[in-house]
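The values are calculated or read from the model by the stated rules, or taken from the named source; none is laboratory data. All values derive from a computational prediction rather than experimental measurement. Cβ placement follows ideal geometry from the backbone for every residue including glycine, while neighbour counts extend to all protein chains displayed. What goes into the accessible areas is simple: the full protein's heavy atoms, side chains included, and nothing from ligands, DNA or RNA. Shrake-Rupley method; radii C 1.70, N 1.55, O 1.52, S 1.80 Å.
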Amino acid sequence: MEMKSALKNNGKRLGAFGAALAAVAVSSACGQLVPQAPQPPATVTVTQPPPQESPTSGSESTSDSSEAPSKSKEPEAEDGLACAAEELQLQLDPNYPQADGSHMTLKVTNIGGRPCQIRGYGGLQFVDFNGKPVDTELNRLQANPPTITIEQSQSAGLDLTWDIYQSPCVEPETLQFTPPGDDKAIKSVWGRGAVCRGGLVDATAFRNVWGG
């Protein structure tokens, strides 16, 4: 009887001890942070603009400004009436030195078999004694030149003015003249000394010069 009573008492002690251990475990678990399940990474959506189509071969680009601007087109006479180089004879009238430079009339005479027209200025080019072009700049003084009709054996002229003091200067041997609208030149011996300011020449538009 005593042994049964002792075993019964031991069983109660073990049950109480187990309950105490369980209480301690629950208390420890409540004092710790419970790790959370990992969250999926945030998704960032990047929207790109649609690709630009490349320009076709027939389109022109306006973004490239490296191209040099084109020169203004020389005004021409009416179709079929413009004086051609082979119809004109070039003559340089005597120059008149003045305080502000030298002045001269460049004259062309119609030696062809028909009346012809000339409008504007044409082109000038100085050539040195070695036959090489030198610096030449023509300053056209009239914006809207008239059209001049040159009858057979009659002449038209434009007035030239140039500086003889301010360097740099060029020393031409001949002057070449290209009529407006033509690509052929006629020439005459210059014989007027240096043309300064880099070969700059001021010119009026052509006008009739009566008397040949």
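Remarks
- Residue, modelled with the lowest pLDDT, within segment 178-197, restricted to residues that are open to solvent by less than 20 Å² (accessible area, probe 1.4 Å) and within 29 Å of the chain's Cα centre (by Cα): P180
- Test: V134 is open to solvent by 30 Å² or more (accessible area, probe 1.4 Å), aliphatic (A, V, I, L, M) and more than 20 Å from R207 (Cα to Cα): yes
- Residue satisfying all of: in segment 127-156; in contact with a Phe, Trp or Tyr (Cβ under 7 Å, 6 or more places away or on another chain), touching a residue at least 60 places away in the same chain (Cβ under 8 Å) and part of a strand (DSSP E or B); nearest to A85 (Cα to Cα) among these: I148
- For segment 137-168, the tally of residues that are open to solvent by less than 60 Å² (accessible area, probe 1.4 Å) and under 31 Å from the mean Cα position of the chain (by Cα) stands at 3.
- Conditions (1) assigned to a strand (DSSP E or B); (2) open to solvent by less than 40 Å² (accessible area, probe 1.4 Å); number of the one not met by P172: (1)
- Counting only residues that are part of a loop (DSSP other than H, G, I, E, B), under 20 Å from I150 (Cβ atoms) and not charged (D, E, K, R), segment 175-202 holds 4 of them.
- Among the residues of segment 84-126, just one is open to solvent by less than 60 Å² (accessible area, probe 1.4 Å), assigned to a strand (DSSP E or B) and without any contact (Cβ under 8 Å) to a residue 40 or more places away in the chain, namely C116.
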